[in-house]
């Protein structure tokens, strides 16, 4: 948008709220002033106004946290939030960039339940439709959600179960599955090559909500010919798409390093 219609005071307010949201109870007036390069007198007026409006709260230590007014706005936002609508809107952008099909699914026990799909213009159609279930260990979209578990939790989840072999490439045991998941925990994404279906390759990334909980997985699926050309682009795009959807869901990325799945690293 043209700078003609830009309001600097609102921009400064957004920067202040963003800093306090990222590190609540850490910054005093002087810290915020230095961090955002805004002079102290302007920052005093801004913080005082936000405090009166209930957007922030000043603690006894003279540091700031978010206030109840923002909490009310947040609740109103999530009452109106439609996850599937957001998925289709954002996924359409990524499909246009990569021209490959995107799917979203949720973990149900040791299976993945497909929730939505945004298709490309290829005549090759995936047989996984919303509502269908598939073994989580054989899919990228399932493995990325299994990455929320620690090793002992994963062993317990699969206690007494054998890993179904969909293709000769499907991971064969819990140790092998854990190796894949451990890598996903560090990378923040996972690739799957012909484990679910021969000739198909996938890359998946996690979606988080406002409670910083991993709730869904999304993935690109493509043929081997496309995978050889688009793999790196697909990885970049799926991470970006997952981040965009998570942001809509209220996810705040503070609290863990980029690429690390939170609360899941042994």
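The values are calculated or read from the model by the stated rules, or taken from the named source; none is laboratory data. Quick caveat, the model's predicted, so the values are computed rather than measured. Counting neighbours? That spans all protein chains shown, and the Cβs are built from the backbone with ideal geometry, glycine included.
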Answer yes or no as to whether residue 207 is touching a helix residue (DSSP H, G or I) at 6+ places or on another chain (Cβ under 7 Å), assigned to a strand (DSSP E or B) and crowded, with 24+ Cβ neighbours inside 10 Å. yes
Sort through 229, 238 and tell me the only one that's assigned to a helix (DSSP H, G or I) and over 21 Å from residue 136 (Cα atoms). 229
Of all residues being over 20 Å from residue 181 (Cα atoms) and touching a residue at least 12 places away in the same chain (Cβ under 8 Å) in region 212-236, which is surrounded by the most Cβ atoms within 10 Å (Cβ to Cβ)? Just the residue, please. 222
Which residue, of 70, 50, is surrounded by 14 or more Cβ atoms within 10 Å (Cβ to Cβ) and either out of contact with any strand residue (DSSP E or B) (no Cβ under 6 Å at 6 or more places or on another chain) or not assigned by TED's automatic domain parsing to the domain that holds residue 17 (or both)? 70
